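Following this message is one structure expressed as structure tokens.
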Amino acid sequence: MPRIDSSVNQILVTVEVVASRNGKTKACNTCKRWSRLSHSNGNAKKIIFTGLDNSGKSSIILALKKSIAKISQLKPTVGVERETFTFLDYTIHAHDLGGQKKYLIKYLKQPDKFFEETDVCIYVIDIQDIGRFNETLSYFKDLLDKYAEMELQPLLYIFLHKAEKVLLESDSAGEKTIEMLSDQLAEINNERYYMEFKVTTVYDIWSISSSFASIMQKIYPPSELIEKAMKELADNLNAEVAVLFDENVLMLANFLRDEQYNDLVQYTAPYFFTFKNFETKIKGDIKTDKMRLELDQFEFLFIENKDHAPRLYLLLIGKSGTLPGLDKVGEIAQQLPELFLQLGVNLS
Ligand SMILES: Nc1nc2c(ncn2[C@@H]2O[C@H](COP(=O)(O)OP(=O)(O)OP(=O)(O)O)[C@@H](O)[C@H]2O)c(=O)[nH]1
Ligand SMILES: [Mg+2]
């Protein structure tokens, strides 16, 4: 890397201040970009979806794939269907185990074939199907016994599903059902496995996506997730550096392709914040929510996310001519709080 003179006085070569657009940024393809960039990194996880037939396993997977419209056309799953998801740059192998009786018998007879190397087991129960509670509790017990025999320690997530009445209306009977089921499941588990309960419905997609995000947090430590999110952002924008700050110039997350860029960040970030503080004093209607700076063979973009409280600031550094236009970068910056929220990372 060439030597960089980090004196603030010499940095000011060109500052391009771009007028802000009013209103919120329209939805962009960020999510698609995140997933398109994903690739297997040898850190793939196996997630099993199991439970009785008709409990909603395949519907949950479609909800995660944002293919809600297809739920009405779902047919009972024949045997095991394998799906591959990407989450940031992790690969998730989801195994949707058809729940008809004949299949359950088969899985339990050949557990090695179906349950080996399970990292997470999502056990789905239709909480509206009271007549089949004993049946589902019995399969759950058999399943846990098989995991014990195989000496596996999957993380168990119980999706108490079809809970729209509980989540979207107030349904005290449904709440009692959930409590009763949770007690019985906990008793069967008898603290053998890590187990969490999630209340879900396809009528509230957030209930499913946030449950899945919390599973991801459990599998991958949040700091690692943040790092990966910033790396994906940098890769996506051809940036050498991507740093997220709060308004006190506190670094919330960063990705540096090379440690040597540290100095550049350290010296340029305060410069942008200083300029921001002058905004109110500048005559005329000059906005400083998007700034571009060129310095030698580098360019810098500084973007403010005004919709998030507290405000977030994204600093990108790239080789000259490689960073995208400010509008594109602005759209992506708008998506950051949502992404971090989904990861359960508290930025406030
Ligand atoms: N009320 C309600 N119905 C749901 C919900 N999720 C799924 N369903 C319905 O439940 C039925 C069964 O859903 P599937 O996803 O096919 O169930 P499955 O567990 O995959 O069933 P098998 O493949 O046979 O094991 C379908 O008619 C879905 O529309 C939900 O949250 N609430
Ligand atoms: Mg199915």
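The values are calculated or read from the model by the stated rules, or taken from the named source; none is laboratory data. Only a predicted model underlies this, so the values are computations on that prediction, with no experimental measurement involved. Neighbour counts are summed over all protein chains in view; Cβ atoms, including those assigned to glycine, are modelled from backbone coordinates with ideal geometry. When the accessible area is computed, the model is the full protein with side chains, heavy atoms only, and any ligands, DNA or RNA have been set aside. Shrake-Rupley method; radii C 1.70, N 1.55, O 1.52, S 1.80 Å.
Could you go through the stretch 328-336 in sequence order and give the Karplus-derived ³J(HN,Hα) for each residue, using 6.51 cos²θ - 1.76 cosθ + 1.60 with θ = phi - 60°, rounded to whole Hz, and x for Gly and Pro?
5, 4, x, 4, 5, 4, 5, 7, 4
Work through the residues other than residue 301 whose Cβ is under 9 Å from its Cβ and net out their charges, Lys, Arg +1 and Asp, Glu -1. Don't skip to the answer; put the middle values down first.
Details: positive: 290, 292; negative: 299.
Within the 9 Å Cβ shell, the charges total +1.
Considering amide H positions built from the backbone, and no H for Pro or chain starts, which residues 5 or more places from residue 247, or on another chain, come under 5 Å of its amide H?
Those lying under 5 Å, H to H, from residue 247 are 311.
What does the accessible area of residue 257 come to, in Å² to the nearest 10, when a probe of 1.4 Å is used?
The accessible area of residue 257 comes to roughly 100 Å².
Tell me the net charge near residue 56. Cut-off is 14 Å between Cβ atoms, residue 56 excluded, with +1 for each Lys or Arg and -1 for each Asp or Glu. Intermediate values should be presented prior to the final figure.
Numbers: positive: 57, 70, 75, 132, 162, 198; negative: 53, 96, 126, 129, 164, 204.
Once all neighbours under 14 Å are counted, the net charge is 0.
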